[in-house]
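Asker: Structure provided below as structure tokens; questions to follow.
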Amino acid sequence: MTDTDLGAALPLPVASADFQDRLARRRSAPAQSLTGPGPSREEIERILLLGARTPDHGKLFPWRFVVMGPQSRADLAEKLLPLADGQPGPDKARKVLSKLTAPPLTILVICSPVDSQKVPVWEQHLSAGAVCMNLEHAANALGYSASWITDWYSYNAAAMALYGVQPGEQVAGFIHIGTLAEAPLERPRPNLAERTQYLP
Ligand SMILES: Cc1cc2nc3c(=O)[nH]c(=O)nc-3n(C[C@H](O)[C@H](O)[C@H](O)COP(=O)(O)O)c2cc1C
């Protein structure tokens with residue numbers, strides 16, 4: 001499947017036990033445990049194509065991507081270390097930054113809201129979050145594990161300047177992608193009955 005022609009009729013959903021099973025047992029990876037192999041250039045483009053196929057009110061596309069290979073993140077981590085705030089010491093700071101440096105591939109999703117009379121900025125943020133989740137699904141669909149991380153350097157102005165976040169923009173997430181040596185373990189899940197209301 002390639003990018004679809006504008007106006008082309010698209011298939012309606014079909015029930016798929018396989019799709020349901022994958023969603024039911026989907027799990028993020030611990031970022032620092034992600035290792036190679038990571039996606040090829042062709043696979044990265046595919047992950048972006050699938051991930052960007054995300055609802056956004058008004059077709060504003062209020063997000064953009066920075067694809068970061070290992071070298072750029074190693075350089076970035078060295079620059080972030082002196083900026084680390086709220087970390088008890090350099091060892092802890094380096095440990096936190098290992099989530100950024102360990103994975104073979106990272107896609108930084110920047111929420112870049114567009115001036116709009118119609119679409120609130122909040123909704124544009126939601127769309128950026130949906131892109132993050134969809135990138136995880138896309139990575140999973142290509143057989144990779146993924147992790148959505150923000151950490152302190154998503155909110156520190158000096159750090160954000162290092163990866164080109166402009167005024168008005170925000171980091172939606174660092175989506176780390178790679179391979180896990182060991183299967184992840186299940187974590188607590190919400191009691192849906194407690195947080196779901198059914199109306200007639
Ligand atoms: C917006 C957002 C930011 C996150 N930032 C961090 C983070 O900075 N550090 C961290 O350890 N986990 C962070 N997480 C949590 C991880 O993504 C975690 O792996 C995930 O919630 C596990 O969910 P899952 O088991 O449904 O895949 C963040 C999650 C979201 C949605």
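Asker: Restricting to the stretch 21-37, name every residue that is in a loop (DSSP other than H, G, I, E, B) and within 13 Å of the ligand (Cβ to nearest atom).
Answerer: Those that are in a loop (DSSP other than H, G, I, E, B) and within 13 Å of the ligand (Cβ to nearest atom): 25, 26, 27, 28, 29, 30, 34.
Asker: Of all residues in the stretch 165-194, which are of a type in the set (Gly, Ala, Ser), out of contact with any Leu (no Cβ under 9 Å at 6 or more places or on another chain) and farther than 23 Å from residue 94 by Cβ? Walk me through it before giving the result.
Answerer: Quick first cut of the stretch 165-194, residues of a type in the set (Gly, Ala, Ser) only: 168, 172-173, 178, 181, 183, 193.
Within this subset, residues satisfying the condition of being out of contact with any Leu (no Cβ under 9 Å at 6 or more places or on another chain) are 168, 181, 183, 193.
The answer is 168, 183, 193.
Asker: Cβ-Cβ below 9 Å, separation at least six or inter-chain, first residue in the stretch 21-37 and in contact (Cβ under 8 Å) with a residue 24 or more places away in the chain, second among the charged types (D, E, K, R) and open to solvent by less than 70 Å² (accessible area, probe 1.4 Å): which pairs?
Answerer: Partner pairs satisfying both residue conditions: 26/136; 28/136; 30/99; 31/99; 32/99; 34/99.
Asker: For the stretch 83-162, which fully contained helices (runs of 4 or more DSSP H) count at least 1 residues that are in contact with a Gly (Cβ under 8 Å, 6 or more places away or on another chain)?
Answerer: 121-141
Asker: Which members of the stretch 48-70 meet the condition of being open to solvent by 50 Å² or more (accessible area, probe 1.4 Å) and over 17 Å from residue 164 (Cα atoms)?
Answerer: 49, 53, 55, 57, 59, 61, 70
Asker: Moving on. Any residue in the stretch 146-166 that's acidic (Asp, Glu): show its pairings with residues that are within 13 Å of the ligand (Cβ to nearest atom) and open to solvent by 30 Å² or more (accessible area, probe 1.4 Å) at Cβ separation under 9 Å, as long as the two are six or more apart or on different chains.
Answerer: Note: pairs meeting the criteria are 151/99.
Asker: If you don't mind, another one. Given the residues 16, 40, which is the only one that is more than 16 Å from the ligand (Cβ to nearest atom), of a type in the set (S, T, N, Q) and over 30 Å from residue 95 (Cα atoms)?
Answerer: Details: 40 fails: over 30 Å from residue 95 (Cα atoms).
The unique qualifying residue is 16.
Asker: Filter the stretch 108-154 down to residues that are of a type in the set (Ser, Thr, Tyr) and more than 14 Å from the ligand (Cβ to nearest atom) and give me whichever is least open to solvent (accessible area, probe 1.4 Å).
Answerer: Applying the filter and picking the extreme gives 112.
Asker: For the stretch 164-191, enumerate the residues that are assigned to a loop (DSSP other than H, G, I, E, B) and either within 10 Å of the ligand (Cβ to nearest atom) or surrounded by 19 or more Cβ atoms within 10 Å (Cβ to Cβ) (or both).
Answerer: 165, 184, 185, 186, 187, 188, 189
Asker: Scan the stretch 72-107 residue by residue and report those that are free of Cβ contacts under 8 Å to residues at least 40 places away in the same chain, open to solvent by 30 Å² or more (accessible area, probe 1.4 Å) and over 19 Å from residue 147 (Cα atoms).
Answerer: Answer for the stretch 72-107, where residues must be free of Cβ contacts under 8 Å to residues at least 40 places away in the same chain, open to solvent by 30 Å² or more (accessible area, probe 1.4 Å) and over 19 Å from residue 147 (Cα atoms): 75, 78, 81, 82, 88, 90, 91, 92.
Asker: If you don't mind, there's one more thing I want to ask. Could you check, for the stretch 29-47, whether at least one of its residues is modelled with pLDDT of 95 or more, within 22 Å of residue 155 (Cα to Cα) and open to solvent by less than 40 Å² (accessible area, probe 1.4 Å)?
Answerer: yes
The values are calculated or read from the model by the stated rules, or taken from the named source; none is laboratory data. Because the structure is a prediction, the values reported are computed rather than measured. Quick reminder, even Gly has a Cβ in these numbers, built from the backbone with ideal geometry, and neighbours come from all protein chains shown. The area values use the complete protein model at the heavy-atom level, side chains included, leaving out ligands, DNA and RNA. Shrake-Rupley method; radii C 1.70, N 1.55, O 1.52, S 1.80 Å.
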